[in-house]
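The values are calculated or read from the model by the stated rules, or taken from the named source; none is laboratory data. These numbers come from a predicted model, not from an experiment. Positions of Cβ are backbone-derived with ideal geometry, glycine not excepted, and every protein chain shown enters the neighbour counts.
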Amino acid sequence: MQISWTRTPSKRVTILVVGLVLLGAVIWGIATWLTRPNDAERCLNQLRVPGFTKVTQKADTADSGPWAEAVFVGSPVQDIKAIVTGSELQLRLPRSAKQTSPPPSQPTAILPVEEWVAYGDAANNCHVSIYKVLDNRGATWTLTEAQTAGMKDGTINVFRFQVTCGDG
């Protein structure tokens with residue numbers, strides 16, 4: 001009795017199907033790897049801000065390392081540090097009352113006006129800065145008209161959270 005090593009049509013179809021499934025798995029794995037959140041975005045996603053809604057989020061990686069930021073809108077609070085929680089998060093007052101507003105000689109629409117209200121360290125060598133938004137003109141993100149009006153009349157607070165990771 002002799003065994004034939006030639007492939008029958010059904011064997012060829014099976015090999016083709018298995019090959020296509022493997023190729024699909026590789027493509028899915030690469031796509032998943034390329035679209036996964038960076039360290040800063042994972043840290044940001046772990047932050048909890050009760051009573052606030054995240055209205056925008058973005059992330060990227062710069063030469064100094066990964067970063068992410070999000071804008072939260074909610075009812076006025078006296079101390080945002082008291083309600084924010086996250087993995088190993090230790091918030092404190094920032095070293096200075098730094099404001100990212102433009103110099104008086106420039107129009108206010110160039111940069112949003114913000115007050116740096118909290119800074120802290122989190123898990124995985126990540127760092128969190130929280131800014132209270134006082135005027136969002138010139139921001140790369142937008143609020144609804146109602147949110148902007150509420151921010152201006154004091155019925156809502158708007159905070160921008162910025163997360164960086166690493167030593168950079």
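Can you list the strands (runs of 3 or more DSSP E) found entirely within segment 73-158 that contain at least 3 residues being at pLDDT 90 or above, within 21 Å of the chain's Cα centre (by Cα) and of a type in the set (A, V, I, L, M)?
Because the criterion is at least 3 residues that are at pLDDT 90 or above, within 21 Å of the chain's Cα centre (by Cα) and of a type in the set (A, V, I, L, M), the strands (runs of 3 or more DSSP E) in segment 73-158 that meet it are 113-122, 126-135.
Residues of segment 51-66 being under 15 Å from Cys126 (Cβ atoms) and not in a strand (DSSP E or B), which ones?
Answer for segment 51-66, where residues must be under 15 Å from Cys126 (Cβ atoms) and not in a strand (DSSP E or B): just Ser64.
Go through (1) surrounded by fewer than 20 Cβ atoms within 10 Å (Cβ to Cβ); (2) more than 18 Å from Phe52 (Cα to Cα); (3) of a type outside the set (Asp, Glu) and name the single condition Lys132 misses.
(2)
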